[in-house]
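Worksheet for the structure shown next.
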Amino acid sequence: MAITTDPRPHVIGDLVIVTGTFANGDTIAVDLSAHMSKIMLFVCNETDSTARALVSSIDGTTAYATEAGAGGGTWFALGQR
């Protein structure tokens, strides 16, 4: 599994934005408990421009998604610190 989190989150007041990547074939489960207390938005963008990853659920500070294409991609999360 090659899910990565960029080391520099962006902070706006009590909000935090965290970005990262996922590799082809990953089970996308991103634990953001080290950065935020609640995920408000989670988005995946696949490298394959014809595919759309499906965010299946957000459970507190962990987001889950299913990759639809091949090649991996990036993810973006917005939440409360």
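The values are calculated or read from the model by the stated rules, or taken from the named source; none is laboratory data. A quick note: this is a predicted structure, and the numbers were derived from the prediction, not measured. Here the Cβ is made from the backbone with ideal geometry for all residues, glycine too, and neighbour counts use every protein chain on show. In case anyone asks, the SASA skips ligands and DNA or RNA and just uses the protein heavy atoms, side chains included. Shrake-Rupley method; radii C 1.70, N 1.55, O 1.52, S 1.80 Å.
At-a-glance table
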| item | result |
| --- | --- |
| Per residue solvent-accessible surface (Å²) - the chain, probe of 1.4 Å | 57 Å² |
| Percentage relative contact order, the chain, counting C-alpha pairs under 8 Å, at least six apart | 37 percent |
| The chain, Cα convex hull volume normalised per residue, Å³ | 78 Å³ |
| Surface share of carbon and sulfur [accessible, 1.4 angstrom probe, percent] for the chain | 53 percent |
| Accessible-area order (highest first, 1.4 angstrom probe) of the listed residues His35, His10 | His10, His35 |
| Cβ-defined net charge surrounding Gly69, 13 Å radius [Lys, Arg +1; Asp, Glu -1] | -3 |
| Only Lys, Arg (+1) and Asp, Glu (-1) charged, at Cβ; the chain dipole about Cα centre in debye | 220 debye |
